[in-house]
Amino acid sequence: MSTDLSTAPRGGDPIAPHGGELVNLLVEGDAAASLRDEASNLPKVVVNERELSDLEMLANGALSPLRGFQGERDYHAVLETMHLAGGLPWAIPVVLSLTDDEAKRLGGADAVALLPGEGADPIAVLRITEIFKRDKRKEATSVYRTDDDAHPGVKAVYDAGDFCAAGTLEVLALPTHEDFRQYRLTPAETRAEFRRRGWRTVVGFQTRNPIHRAHEYIQKCALEIVDGLLVHPLMGATKSDDVPPDVRMRCYEALFSGYYPKDRAMVSIFPAAMRYAGPREAIWHAIARKNYGCTHFIVGRDHAGVGDYYGTYDAQKIFEEFEPGELGIQTLNFEHSFWCSACEGMASPKTCPHGEETRISLSGTKVREMLRNGERPPMEFSRPEVADILIAAMQER
Ligand SMILES: [Zn+2]
């Protein structure tokens, strides 16, 4: 067992945040009033949708121990070594991009007010420590393992400004969300909820898709060995052909009301934007879930992948590049699973000796085609309640 302080339990929580302390960058009370005054007189920069997700996660501690957007030293350390300059594991840079014009306009300013949209009120002040040139090609090949701009994560990097502003953040307000407010728990709130429920071990499940039987099975396998399950759907920016958030949320609600034990499972929103960085993003996802209080994290096949940029098991193998105990959170690797009519149950290649002919597995393309035609996939593949929600959503579109 590791005796590293960063993984030792504190204050009754099952797992310490990454780096040991849960960051909270929200400024309140009188300090907030004077910060708001100051912000109104500072140069202003509008933060794009993806970086706004990062800002929210910096503010609420999901990206602990970061206290702001990263500087050049950490940026290159993360790209080259998957660690911060100080030595703590970190897989994807968290930066605030600036266009050439914005960089020029900021000049030598030592602070900038950040806006969630054009004409909006400032939500944060960044105390600028440096402005540096972003090495986009190096970032693409390090984080995404490709510099192909057909990759959505690479494209987002290339589309962003060429400079980055680094520094610590003082946050006036979290970005506002009109939808699913009851599901938007901060890391402090999920931790409090885990304590309230008496969960000492919690497995986190990342998803950007509706949940069919295969993923339900994986979650429940994990739940057999821990106290609680946090289904933690990513609800920041995704590709336009991914299933929209409101449809996904209805699917999760249907599953939770029909098939999950209420005292052992909960759903909450992960506000991150999707990078599609495969293995590197699996690390990043795991570290964030550690900050939310999860002790375990499920890594399936092709986690956070897109197209054929990553090998099927790359996202599981990359965790072996860290020393035991270095990340703190325990990953649980899973195979793809399916209903086997000979086993008469859900199974995987790890547990089922039968051949393809007894296994009910459908390609994503086939499932989409069935749903478009108003046809439910077999109940061994998808819960009928989930299928009906997806069929209705397809027909609305
Ligand atoms: Zn079988």
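The values are calculated or read from the model by the stated rules, or taken from the named source; none is laboratory data. All values reported here derive from a predicted model rather than from experimental measurement. Every residue, glycine among them, receives a Cβ derived from its backbone with ideal geometry; neighbour counts consider all protein chains shown. Keep in mind that these areas ignore ligands, DNA and RNA; they rest on the heavy atoms of the full protein, side chains included. Shrake-Rupley method; radii C 1.70, N 1.55, O 1.52, S 1.80 Å.
Taking every lysine pair in the chain that is 8 or more places apart or spans two chains, those with Cα atoms closer than 26 Å amount to 29.
Solvent-free Debye calculation, one equal scatterer per alpha-carbon of the range 79-163: log10 I(q)/I(0) at 0.25 Å⁻¹ equals -1.23.
Each Lys and Arg Cβ is given +1 and each Asp and Glu Cβ -1; about its Cα centre, the range 127-260 then shows a dipole of about 420 debye.
Sorted largest first, the spans of the alpha carbon positions of the chain along the three principal axes are 70, 48, 39 Å. Structural descriptor for the range 45-131: relative contact order 30 percent, calculated from alpha carbon pairs under 8 angstrom and at least 6 residues apart. In sequence order, the range 173-180 has phi-based couplings of 7, 5, x, 7, 10, 7, 10, 6 Hz under the Karplus curve 6.51 cos²θ - 1.76 cosθ + 1.60, θ = phi - 60°, and Gly or Pro positions carry x. When the GluC sites (Glu not before Pro) in the range 77-166 are filtered for DSSP coil states and for at most 12 other beta-carbon atoms within 10 Å of their beta-carbon, the remaining sites are E118.
Using the empirical formula 2.2 N^0.38 Å as the baseline, the Cα radius of gyration of the range 304-397 reaches a ratio of 1.41. Distance from the alpha carbon centroid of the range 174-219 to that of the range 369-397 works out to 24 angstrom. For the range 115-195, the residue among T190, F132, P116 whose Cα projects farthest onto the positive side of the dipole built from Cβ charges is T190.
The GNM of the chain, with springs linking C-alpha atoms under 10 angstrom apart, assigns the highest mean-square fluctuation among L25, L63, L332 to L332. When shorter helices are ignored and each DSSP H run of at least 4 residues is given -39500 (n - 2.57), the per-residue value for the chain at 222 nm works out to -9500 deg cm²/dmol. Entry comment: accessible area of the chain is 44 Å² per residue, from protein heavy atoms only and a probe of 1.4 Å. Overall, the accessible surface of the range 26-108 at a probe of 1.4 angstrom is composed of carbon and sulfur to the extent of 48 percent. Note on H83 and S240: the model spin-label points, each 7 Å out from Cα along the C-beta direction, lie 4.2 nm apart. Taking 14 Å as the cut-off, the amide N atoms of the range 87-117 that come nearer than this to a point 7 Å along the Cα-to-beta-carbon line of R127 belong to 110-112. Computed over the range 1-151, relative contact order equals 23 percent, with contacts defined as Cα pairs under 8 Å that lie 6+ residues apart.
The charge dipole of the chain, taken about the Cα centre with unit charges on the Cβ atoms of Lys, Arg (+1) and Asp, Glu (-1), comes to about 780 debye, rounded to the nearest 20.
Computed from backbone phi, the HN-Hα couplings of the range 261-278 come to x, 4, 7, 10, 9, 9, 10, 8, 8, 9, x, 5, 7, 7, 9, 6, 8, x Hz, rounded to whole numbers (Karplus: 6.51 cos²θ - 1.76 cosθ + 1.60, θ = phi - 60°; Gly and Pro given as x). In the range 192-264, the portion of solvent-accessible area held by carbon and sulfur atoms comes to 49 percent [1.4 Å probe, whole percent, DNA, RNA and ligands not counted].
Taking one quarter of the surface of the C-alpha convex hull of the range 144-242 gives a mean projected area of 10.2 nm².
Comparing mean-square fluctuations of H336, H18, H76 from a GNM of the chain with C-alpha springs under 10 Å, the top value falls on H336.
Taking every C-alpha pair closer than 8 Å and separated by at least 6 residues, the mean separation divided by the residue count of the chain gives a relative contact order of 18 percent.
Put simply, the convex hull of the Cα atoms in the range 256-303 casts, on average, a shadow of 4.3 nm².
Shown here for the range 221-290: trypsin sites (Lys or Arg not before Pro) in loop regions (DSSP other than H, G, I, E, B) with at most 12 other Cβ atoms within 10 Å, namely K239, K262. Amide H contacts for Q330 (H built 1.01 Å from N in the peptide plane; partners 5 or more residues away or on another chain; cut-off under 5 Å): H296, F297. P(r) for the range 113-166: what percent of alpha-carbon pairs falls in each 10 Å bin, starting at zero? Pair shares across the bins are 23, 36, 31, 11.
Of the beta bridges DSSP finds with both residues in the chain, what % are antiparallel, to the nearest 5? Roughly 55 percent of the beta bridges in the chain run antiparallel, per DSSP.
If the segment from A173 to R301 were pulled out straight at 0.36 nm per residue, it would be longer than the present Cα-Cα gap by 42.4 nm. Shown here for the range 290-383: GluC sites (Glu not before Pro) in loop regions (DSSP other than H, G, I, E, B) with at most 14 other Cβ atoms within 10 Å, namely E344, E375. Amide H to amide H distances under 5 Å link S64 with V23, where only residues 5 or more positions off or on other chains count and H is placed in the peptide plane. Taking every DSSP bridge with both residues inside the range 23-165, close to 80 percent are antiparallel. Couplings for the range 299-315, taken from phi via the Karplus curve 6.51 cos²θ - 1.76 cosθ + 1.60 with θ = phi - 60°, read 10, x, 6, 6, 4, 6, x, 8, x, 10, 6, 10, x, 3, 10, 4, 6 Hz in order; Gly and Pro are left as x.
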